[in-house]
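The values are calculated or read from the model by the stated rules, or taken from the named source; none is laboratory data. Note that the structure is a prediction, hence the values are computed from the model and not measured. Cβ placement follows ideal geometry from the backbone for every residue including glycine, while neighbour counts extend to all protein chains displayed.
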Amino acid sequence: MNQHYNQNYIKEQICSVLNTIKDCVREKRYVISKNKNRQENIDFINEYNLTSKKQREILLGTEPEDFCHTLQNINLGFEHETLYVFCRQVMLFNFRGAEELVDIYTKFNIIDISSGKRVIVISFHKCNNPIDYLFR
């Protein structure tokens, strides 16, 4: 595992983080990144024709057992942010109509702003590499 990945958590800590993430998703205080640097997210959403509703269902279905690790944000000025990585298996239909079990890699950033917390889903796509789960 990469030396920058942190798995030094107990399940209760991850449950708390996940509750915050799910609260933000339920209350529509989140966004899935779809900028020019996140083409992989856009391609994934298009390949599986994931409506906003289906995207929310996938995010809300994330469980503590899907947790992999955290890492520090490496973008200049944002080094204080912790990014939470989960990988969840979901049955999806691709654009050809074939059903497929997909490992979905999600990377979350929880932002504290004056009006409360918001979540940025930095990554939302197929998992590209083998991954280690903390609670499996």
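Which of the residues spanning the stretch 110-124 are of a type outside the set (A, V, I, L, M) and crowded, with 17+ Cβ neighbours inside 10 Å? Give the steps one after another, and end with the answer.
Taking the stretch 110-124 first, the residues of a type outside the set (A, V, I, L, M) are 112, 114-118, 123-124.
Residues satisfying the conditions are Ser123, Phe124.
Exactly one condition in (1) part of a loop (DSSP other than H, G, I, E, B); (2) modelled with pLDDT of 95 or more; (3) over 17 Å from Ile120 (Cα atoms) is not met by Lys28; state its number. So Lys28 meets the others, but not (3).
One line per residue, one yes/no per condition, for (1) surrounded by 13 or more Cβ atoms within 10 Å (Cβ to Cβ); (2) in a helix (DSSP H, G or I); (3) free of Cβ contacts under 8 Å to residues at least 12 places away in the same chain:
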position: Asn49; (1), (2), (3): no, no, no
position: His69; (1), (2), (3): yes, no, no
position: Asn75; (1), (2), (3): no, no, yes
position: His80; (1), (2), (3): no, no, yes
position: Val90; (1), (2), (3): yes, no, no
position: Gly97; (1), (2), (3): no, no, yes
position: Tyr105; (1), (2), (3): yes, no, no
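May I ask you to verify whether Asn37 is closer than 22 Å to Gln89 by Cβ, modelled with pLDDT under 95 and over 11 Å from the mean Cα position of the chain (by Cα)? When the stated conditions are applied, Asn37 does not pass them.
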